[in-house]
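The values are calculated or read from the model by the stated rules, or taken from the named source; none is laboratory data. Here the structure is a predicted model, which is why all the values come from computation and not from measurement. Using ideal geometry, Cβ is built from the backbone for each residue, glycine included, and neighbour counts are taken over all protein chains shown.
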């Protein structure tokens, strides 16, 4: 996989397409790379539409084995990022403008980044954010008590995630790589609950579900002391399996992440990207009436090969389900194929 070539190609294709077809419909094209495997690569991440026509630029596809999601984010949602109401603060905070329709739109985007920085420096607002993240961790823990198999590890990962976010907010900061590199940043923070770093790592290493629950309880208590804080069911026939195909095209990059980090023995990143994929699988399997796919049950930090083997099996199962359901995976083996279909 030549990631740099793929990134450059997709970025240039988006920029050229915007200029040629959407010059009146898209305000900005933005680069954001902190969540990619190689975060030094500048790559188109999302665009900001200003008309309904502009939303048509959105694409999810796989190029040379690498998944891409050309995503539109509205001004309203960017406002929520600025107000710290969205999960991945980094999407706005660490973004760069690759294209602007005019100076006014560029200025508007930079003002949102400035507003976000001001909120991150506001001790009162960040206290509220810290308490909110802590409350979310407790809520997930309560669900974890009744969980089994993969769902125990899934819940444990998100308990750690939101507790770590709470600590970060108390330090007037955020995680540049979402939930996957929290330990590195926690190590550099001025105020971290005593023992939290070690307990975080211990939870991820833990193989026994009951013991994981106990350790998550201890982590919650540590952060609590630190903060001083006392449907309608849908049938498969009603589903459009093209939606599942688009979901897979977007999530295929997560399978690449798992394989990449497992290859280099980075069991923390494998765990944290694993819980993300497990959460997504839980949702789509329920939505499309598919058999529940247990992934995190196979996690063992000393034997990542078995975990990746299970991830591969699940990927094969999802691809088969998509095709059987009539969905089409937009997948190209080379750039010429991509250009032919998207001319």
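Suppose we filter 20, 41 for residues that are at pLDDT 95 or above and in the same structural domain as residue 94 (by TED's automatic domain parsing); which single one remains? When all the criteria are applied, what remains is 20. Only one entry of 338, 276, 307, 288 meets the criterion of being surrounded by 12 or more Cβ atoms within 10 Å (Cβ to Cβ) and touching a strand residue (DSSP E or B) at 6+ places or on another chain (Cβ under 9 Å), and that entry is 338.
The single condition among (1) modelled with pLDDT under 95; (2) surrounded by fewer than 16 Cβ atoms within 10 Å (Cβ to Cβ); (3) in the same structural domain as residue 20 (by TED's automatic domain parsing) that residue 94 does not satisfy is (2). Quick check on my filter: what residues within region 8-40 are part of a strand (DSSP E or B) and within 18 Å of residue 63 (Cα to Cα)? Listed by number, the list is empty, since nothing qualifies.
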